[in-house]
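Have a look at the structure below before the remarks.
FYI, it's all coordinate maths here, none of it is from the lab. Just so it is clear, the structure is predicted and the values come from calculations on it, not from any experiment. For neighbour counting, all protein chains shown are included, and Cβ atoms are generated from backbone atoms with ideal geometry for every residue, glycine included.
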Number of protein chains: 2
Amino acid sequence: MTDPVSREFFAPPTRRQLLTMIGKVGGAGALYQAMTVLGHAADSQFSAPPRLTGAKPGASVVVLGAGLAGMVAAYELTKAGYTVQVLEFQDRTGGRNWSVRGGDTITELGSIQTVQFAPGNYLNPGPWRIPYHHRTVLHYCKELGVELEHFAQINHNAFVHRKDAYGGKPQRYREISTDFKGHVAELLSKSLNAGALDTAVTAEDKARLFDAMKEWGVLDKNRAYTKSIKVGEQRGWDRAPGGGVNGAPIPGEVGTLSDTLSTKVWQQIGFYAENVMQTTMFQPKGGMDRIGKGFAAKIGHLVRLNTRVSKIAQDDNGVTVSWTDSKTGVSGQTRADWLVCTIPATVLGQLDVQVSDAKKAAIRALPYSNSVKIGLEMKRRFWETDYAIYGGHSFTDQDISLISYPTGNWFGDGPAVVLGAYPYGLIGSYRLAGLTPEKRIAAALDQGSVFHPAEYKAEFLSGASVAWNRIPWILGCCATWTETSRAAHYQNLVSLDGRVVLAGEHCSYYGCWQEGALLSSLDAISRLHQRASAA
Amino acid sequence: MTDPVSREFFAPPTRRQLLTMIGKVGGAGALYQAMTVLGHAADSQFSAPPRLTGAKPGASVVVLGAGLAGMVAAYELTKAGYTVQVLEFQDRTGGRNWSVRGGDTITELGSIQTVQFAPGNYLNPGPWRIPYHHRTVLHYCKELGVELEHFAQINHNAFVHRKDAYGGKPQRYREISTDFKGHVAELLSKSLNAGALDTAVTAEDKARLFDAMKEWGVLDKNRAYTKSIKVGEQRGWDRAPGGGVNGAPIPGEVGTLSDTLSTKVWQQIGFYAENVMQTTMFQPKGGMDRIGKGFAAKIGHLVRLNTRVSKIAQDDNGVTVSWTDSKTGVSGQTRADWLVCTIPATVLGQLDVQVSDAKKAAIRALPYSNSVKIGLEMKRRFWETDYAIYGGHSFTDQDISLISYPTGNWFGDGPAVVLGAYPYGLIGSYRLAGLTPEKRIAAALDQGSVFHPAEYKAEFLSGASVAWNRIPWILGCCATWTETSRAAHYQNLVSLDGRVVLAGEHCSYYGCWQEGALLSSLDAISRLHQRASAA
């Protein structure tokens, strides 16, 4: 009765067709709202890049900083019809989106390192993993042709080490995480049995809780957490199951409650449960800088490198940026109608910037965290061959906080790079950052040896490190808002100030993540475009 | 003072050097013991293939079955100097190590399907994933040049569905697993607070448990599990964090205790905690059958296909296998000194086999589980683009038990194959297996639609299924020993009986896993070789 084309209009629309229609009619805002209603979008504020159409002929934007925030602004504003220039302090694009390889140099205040890694090996000193719900990053990876691969997070066979747990002997995560839930289940069962929770839970829930604790905690028939084949099937074995005559497995002893608590393994369980740490996780194949290079392939010709900005001024008709070329010493000015500034607050606070006092206060009020990453190239993948650890992290309460095993090229024969340190705590960070690059390597080898005592130093080839507080173009790792500073300063930081808007991870609620840099920038240029269109 | 060579002898040996020396001097047994002492080998009974040297000149072995157990026997026995022949029922090698692709046929009792998948797509009807500690499989993958890639297991963003939980609406695993630990932590904190556990735990452990519950359960300052930003950072959001003006995240409501218990999410938590399900997990790139094809490239020329064995006889001088060629109808006999039989017990029990009554009883006493796998090819990866699910499993208490999303080629644009059913329960298995292939697909589409209602049927292209109890060469999925049947029959099944030994996953404590098939076979041929050498 109807041809295929008209059927498309008469059949009830699929969810996808509905969203497409809403997007066409109502724009990105309506689309986002509809996606939320339909349960699609709650995991991300990103649905599609903003549709910035109708830039005024000849309108221009200067972008400060060629990190991801700056480059995505340049990319989308160019598509919208603006004339864009980007000024970048360094002699490369990418900013913290950075991978170092053999032959590269790392310049810190006080030292220069030349990386010695074998071809194909790299360290991502900045971002190194991409959560599944960071849809803005994923969108641009697809658009820019950046190939993504899996990044291993939770590895049950990696270690947890605490100096005061198990006499300092690292434990496998599978062992102590099984012990933890076993003991919790046993204790809650005891409480239920004693009637301690009879006023808190219904009789029906109490019965279900008994079942839940028994199954989840792998308790025995007395509701106790004890050594058994069933527990071995989670915890691992003294002798693993095999074939033939001696195939029967032998389970190991379980840890006591006290020993289990001393490991604080709930911190690792919590870490893996964090939304931004959950699986599935990704990394660009070949190094995180593939994303920056993808943007640079599109808009790299708009970037002026080695350009040290000293002053940002604005008037009724436009903005003026004063700068010096750090290679030639030549000074100059760049004039444009509008300005997007992605310079980190640590550096921006030291420049002469013509914005409101509130914004200046916000810039100065924003502290940056520090971190250190140390890459250690090893002759062979002993963690795979000798320890059955493929990717993931071993944790410690030493300064290095963790070592992380490479994802990718598993089972390979050549040298490979372990992330030998990535301290969480400020104390550990600053203690490692305060060392010379050589001494950082030595410290990382000492501390990491707790996991692989026979191999760690014996198989070491070369190392490279980045201490973010000593990196001259940022002087820190990333923005660390507190609840108080957010309340006082965040909106002042991100507000459009005349012809100037700020963008970057520090202008987002995804601080320290590339997703925050991109989302912040898309929001900033959307508002800028709105004002530019209205002007 | 010393040159590099002599230093090798005077320096204290590394752990690796020590193991190599022990292996050279004491053989595999001593090596395994030493590895156990050094804490290396507890996760696997495999250290290296057995060293079968010194086969008697002209000694011969016939192997029945060209699955992994049979092929590894042929491969290692050939290397040891035996003359080997393999008889295989099917017209292909590999057995349950099997991948089906477009153009392949699936022959069941009562039906033949021709697979319609696009080039590059496949379904693994049998084994589909390899744990990190299945070192025998990993060893042969490396030796045979089989490229392995990651296989996604735990996916926090996939769904859990139960008909009587949340009104039948699937919940994200991240939401209900966070709720579960939150409620458990709150209840245990209440019990501790009420003094209900004061006789069970020390004061010090009680204090540590309070801290643990607060942190692990993400409890509020009253030690209650309630909606908060902190909980959102694990559970996910009603509005995710973003950039710029509207960047602030909005957390969702947490589930009640009763709702949480109704999901039985502890079963999924337990599933992911199983040693054989833990991460990191692998799959051969391009299909599980890459392993079988790797073996076939080495010993395929020794295999006689289409060979239906009817009788196994032995005498003081050798074994005689009677068979019929299922293509030509020709009958024949194969004579050899020794025999390795990897025919599944389901089929072997129906043949005329000259072994002890105890072994016959063991063969007949061994029931096989059933399972069904259904592959559904979809036009596009809507689970990735529309749901942010990359690999992993969504679970349900319907017959299909789960749907599993493909690992590999993430973000791709072409059609992709979802595993649309892999029932755990026997009832679900037999109910799906009892349907025609067409009706199985329809049932899988109906049930799987609970997760992706708008897309699942709309994007469907074609399906293929394997119901293992209807596969003529095995009539089941794999061996399911009970504790009682193990005690009564296992050693009788695996014992060397004159010149005959059995091998396969059913002859191992790793039933249903390729690791069990390989380990069983290596154990069987080691004992056979020992007897053959002594004879």
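For region B:364-435, the relative contact order is 41 percent, taking Cα pairs closer than 8 Å that sit 6 or more residues apart in sequence and dividing their mean separation by the residue count.
Per-residue shielding of A:168-181, expressed as the average number of other chain Cβ atoms within 10 Å of the residue Cβ, stands at 2. Between A:I130, A:G195, A:S177, the Cα set farthest toward the positive side of the dipole of chain A (charges on each charged residue's Cβ, about the Cα centre) is that of A:I130. Helices of chain B meeting both criteria, an alpha-carbon length of 27 angstrom or more along the long axis and an average Kyte-Doolittle score not below -0.5, with helices taken as full DSSP H segments, are B:173-193, B:514-534. Label point of B:E143 set 7 angstrom out along Cα-Cβ; within region B:318-338, no amide nitrogen lies under 20 Å from it. Taking label points 7 Å from Cα along the Cα-to-Cβ direction, A:A534 and B:T324 give a separation of 8.8 nm. For region B:314-383, relative contact order (Cα pairs under 8 Å, six or more residues apart, normalised by length) works out to 21 percent.
Label-point spacing at B:K327 relative to the other copies reads 6.9 nm, in ascending order, each point sitting 7 Å out from Cα along Cα→Cβ. Residues whose amide H comes within less than 5 Å of that of B:W98, counting only those at least five positions distant or on another chain, are B:G126, B:D289 (H built at 1.01 Å from N in the peptide plane). Footprinting exposure proxy ranking of B:T256, A:T346, B:T78, B:T263, fewest other C-beta atoms within 10 angstrom first, gives B:T256, B:T78, A:T346, B:T263. Computed from backbone phi with θ = phi - 60° and the Karplus coefficients 6.51, -1.76 and 1.60, the 3J(HN,Hα) list for region B:146-155 is 8, 6, 9, 10, 4, 10, 6, 9, 5, 10 Hz; x is used for glycine and proline.
Tally the DSSP beta bridges in the protein assembly as shown and give the antiparallel ones as a percent, rounded to 5. If we restrict to bridges inside the protein assembly as shown, about 70 percent are antiparallel. Here B:K311 is the anchor, and the lysines within straight C-alpha reach of less than 16 Å, apart from those fewer than 8 places off in the same chain, are B:K359, B:K360. Kirkwood analysis of the Cα pair distances in region B:346-454 returns a hydrodynamic radius of 16.1 Å.
Inter-copy label distances for A:K79: 5.4 nm (label point placed 7 Å from Cα along Cα→Cβ; shortest first). Does region A:333-374 come out rounded, prolate or oblate by the C-alpha gyration tensor, with a ≥ b ≥ c the root eigenvalues, rounded set by a/c under 1.5 and, if not, prolate when a/b is larger than b/c and oblate if not? In terms of gyration-tensor shape, oblate. Kirkwood hydrodynamic radius of chain B, from the reciprocal of the average inverse Cα-Cα distance over all distinct pairs: 26.2 Å. When A:V160, B:V303, B:V201 are arranged by Cβ crowding within 10 Å, least crowded first, meaning fewest neighbours, the order is B:V201, B:V303, A:V160. For A:K227, the residues whose modelled amide H falls within less than 5 Å of its own, excluding neighbours fewer than 5 places apart on the same chain, are A:V254.
Mean per-residue shielding of peptide B:267-276 is 5, counting Cβ atoms of other chains within 10 Å of each Cβ. Evaluated at q = 0.18 Å⁻¹, a Debye calculation over the C-alpha positions of region A:172-263 (equal weights, vacuum) places log10 I(q)/I(0) at -0.79. Applying the Karplus relation 6.51 cos²θ - 1.76 cosθ + 1.60 with θ = phi - 60° to region B:367-377 yields 3J(HN,Hα) values of x, 10, 6, 10, 7, 9, 10, 10, x, 10, 8 Hz, where x marks Gly and Pro.
Could you tell me the distance between the Cα centroids of region A:370-446 and region B:466-491, to the nearest Å? If we compute the Cα centre of each part, the gap is 46 Å.
Counting only other chain Cβ atoms within 10 Å of each residue's Cβ, the peptide B:182-195 averages 4. Between this copy and the others, label points of A:T480 are 5.4 nm apart in ascending order, each placed 7 angstrom from Cα in the Cβ direction. Computed from backbone phi, the HN-Hα couplings of region B:387-393 come to 10, 6, 10, 10, x, x, 10 Hz, rounded to whole numbers (Karplus: 6.51 cos²θ - 1.76 cosθ + 1.60, θ = phi - 60°; Gly and Pro given as x). Placing a label point 7 Å from the Cα of B:T107 along the Cα-to-Cβ direction, the residues of region B:295-322 with a backbone N closer than 12 Å are B:306-308.
The peptide list B:482-491, A:520-529, A:367-376, put in order of mean Cβ contacts within 10 Å with the highest first, becomes A:520-529, A:367-376, B:482-491. The ranking of B:D497, A:D289 by Cβ neighbour count inside 10 Å, starting from the fewest, reads B:D497, A:D289.
Each residue of region B:393-504 gets 161 Å³ once the volume of the Cα convex hull is shared out per residue. Seen from a random direction on average, the alpha-carbon convex hull of the protein assembly as shown projects onto 48.7 square nanometres.
Distance from the Cα centroid of region A:71-98 to that of region B:145-174 is 39 Å (rounded to whole angstrom).
Between amide H atoms placed 1.01 Å from N, distances below 5 Å from A:S60 occur with A:T83, A:D337, A:W338, all of them 5 or more places distant or on a separate chain. Of interest is the spacing of the C-alpha centroids, which for region A:239-271 and region A:309-331 amounts to 62 Å. Which pairs, out of A:K264/B:K163; A:K181/B:K230; B:K79/B:K293; A:K285/B:K457; A:K214/B:K190; A:K190/B:K181, put more than 27 Å between their alpha-carbon atoms? With Cα atoms farther than 27 Å apart: A:K264/B:K163; A:K285/B:K457.
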